[in-house]
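What follows is one structure encoded as structure tokens, with my remarks underneath.
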Amino acid sequence: MTEYRLHGPPGTGKTRALATRWVPKAVEKFGPKGVVICSLTRTAAAEIATRDLPIPLQNVGTLHALAFRSLSRPKIAEGEIAAWNDMEPSFKLSGGKPSMDEPEVRSDKNNRGDELMGLAQVYRHNRIPREAWRQDVAVFQQRWEDWMDAEGYVDFTGLMETALEDVAYAPGNPDVFIVDEAQDCSVLELELVRKWNARASYAVLAGDGDQAIYGWRGGSARAFLSPDIPEENNYHLTQSYRVPRAVHALASRWINKASYRYAVEYLPREDPGAVDYSQGNGRHVAPLLAEAIADLERGKSVMILATCGFMLRPLIAALRRSGVPFHNPHRSTNGAWNPLRGGAQRLLSYLRPDPHVHGDEAAMWTWADAKAWTEVVRAKGVLTSGSKRWINDLGTDKERCFERIDTGDGRATFGDCWETLKEVFALGKSLDWLEDNLLASRREFMEYALTVARKRGAKTLREEPKLTVGSIHSVKGSQADTVILLPDISPSAMRLWSKPGDEKDGIIRTFYVGMTRARERLVLGGRWSPYSVDWRS
């Protein structure tokens, strides 16, 4: 087996190079079914899948998905957390899918199982012998394994371990095995990759050690870059199509602080760009908000990033008060980062008749529209008896859901309110009416969409927000015209920051990834606590 490594610094088009050069060449020699390409995260795998590659869709996916298929789709333990909690209340778990967004294992006084589970995963991904584990973590892991064995379950990490032990080759027994974002893989995951590679004619590990930022879950730049391979098997992408000169210069100085790296020639794009420093910080957010709004009003896309999501809470609160639309399309299930989800759609459905919002598309409600917005309003005094059920049935009926509500049905369904609604729309008081008639249980859900509509105009809700908010980990692989970066780290990370080594390198690389999301301008926020890095140090 021959291993090639494709090193792609930020913005050099690594995934594009795979899709346009490496994969077509492999397909030409071995055929479409002879090539498998995978990545660690669903986001990266989805990016690969959108490239219209000349290989079957089942040959593209995450490493976990390939292991899952190779083991004949076993039942996953993380999907049965309720049963575990009933049997082991002292090791209760909160459940949910493993997060790729937070570089912290958090301890909850009333839910210690999550801490122990997180540490066990790190030990397993780093292939640390059980005798070297912390004793309480080893006790937890033994009980977890006993339960899984009794029930016939496998956990997510166990997919990797079992495949490494029992499965000789990747699904389809490919001739070429390609791994994108290979620097994100753990020691365990790369052992599996290389075992499967042994049956292939050759393998391509594409990545960038400088962007290896998942050390807290076992990801390892050293594992990606080891063992040594012949230098002619290392391919370098050198030209960034994203990062301008000023940002590139700062980011290059910053990453050179790392004690371990595989440096390649890396050139900025021919644009001066800018690096600015703000007086705003994670607590005093007004200057940061002003920076974001100024660039948004110039039509620029903006990201506001921190090392951990909880550090963004004061800024998110200010954005909500100001009615500035934001989201995180890379983590659409995170409600804190996507507060318009659901509420905006319902408000737009309610405002369907308003030409100031929908322009030429303004029209009377369909039953689907009515279902969307009546779900958040009270029935008493608004609808006739039983109308909510009637609207729901018609709004979900495949044949009638897009049928416009005529005057007769409108009066029968809404009663006297039908005429009232026409009047409030004519007087421009439609938002007042909806807010006055919201269910108490849905006020918080609708509050932000209403704030945006009042302060920025309801038409704004039809547009995808140009402001992204989230952790650095959540936006890896994406970009924005302006990036506003907070320097804060956690107390535990601050202890690592003071000691040279792999852990400090991980923090350095995380901020490097944040910096290199900027296509035009990087704004570095100020410090507000001792638990933060100094940009100028």
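Step by step: first the residues of the stretch 31-78, then only those that are part of a helix (DSSP H, G or I) and charged (D, E, K, R), then the one that is nearest to SER332 (Cα to Cα). Which residue is that? Looking at the filtered set, the residue picked out is ARG42.
For the stretch 369-424, enumerate the residues that are over 41 Å from the mean Cα position of the chain (by Cα) and either buried (at least 16 other Cβ atoms within 10 Å of the Cβ) or hydroxyl-bearing (Ser, Thr, Tyr) (or both).
Of all residues in the stretch 369-424, those over 41 Å from the mean Cα position of the chain (by Cα) come to 381, 384-386, 406-420, 422-423.
Selection gives THR384, SER385, THR407, ASP409, GLY410, THR413, PHE414, GLY415, CYS417, TRP418, THR420.
Quick check: anything in the stretch 492-514 crowded, with 18+ Cβ neighbours inside 10 Å and in contact with a strand residue (DSSP E or B) (Cβ under 6 Å, 6 or more places away or on another chain)? Scanning the stretch 492-514, I find at least one residue that is crowded, with 18+ Cβ neighbours inside 10 Å and in contact with a strand residue (DSSP E or B) (Cβ under 6 Å, 6 or more places away or on another chain), so the answer is yes.
Mind checking whether some residue in the stretch 439-447 is among the small types (Gly, Ala, Ser), buried (at least 17 other Cβ atoms within 10 Å of the Cβ) and either modelled with pLDDT of 95 or more or under 20 Å from ALA363 (Cα atoms) (or both)? No, the conditions are met nowhere in the stretch 439-447.
Tell me, yes or no, whether the stretch 382-393 has at least one residue that is modelled with pLDDT of 95 or more and not in a helix (DSSP H, G or I). So far as the stretch 382-393 goes, no, none of its residues is modelled with pLDDT of 95 or more and not in a helix (DSSP H, G or I). Of everything in the stretch 300-333 that is among the polar types (S, T, N, Q) and closer than 23 Å to ALA518 by Cα, the residue that is surrounded by the most Cβ atoms within 10 Å (Cβ to Cβ) is THR307. For the stretch 486-537, filtering for residues that are without any contact (Cβ under 8 Å) to a residue 60 or more places away in the chain, in the same structural domain as GLY470 (by TED's automatic domain parsing) and over 21 Å from SER252 (Cβ atoms) leaves 6.
Applying the criterion of being touching a residue at least 12 places away in the same chain (Cβ under 8 Å) and among the charged types (D, E, K, R) to the residues of the stretch 119-140, the residue that is surrounded by the most Cβ atoms within 10 Å (Cβ to Cβ) is ARG124. For the stretch 406-454, the set of residues classified as part of a helix (DSSP H, G or I) and among the aliphatic types (A, V, I, L, M) consists of ALA412, LEU421, VAL424, ALA426, LEU431, LEU434, ALA440, MET446, ALA449, LEU450, VAL452, ALA453, listed by residue number. Taking the listed residues PRO339, PRO353, the one that is at pLDDT 95 or above, in contact with a Lys or Arg (Cβ under 9 Å, 6 or more places away or on another chain), within 30 Å of SER322 (Cβ to Cβ) and surrounded by fewer than 18 Cβ atoms within 10 Å (Cβ to Cβ) is PRO353, with no other qualifying.
The values are calculated or read from the model by the stated rules, or taken from the named source; none is laboratory data. On a predicted model such as this, the values are computed, not experimentally measured, just so you know. Because the Cβ atoms are built from the backbone with ideal geometry, glycine has one as well, and the counts that use them run over all protein chains shown.
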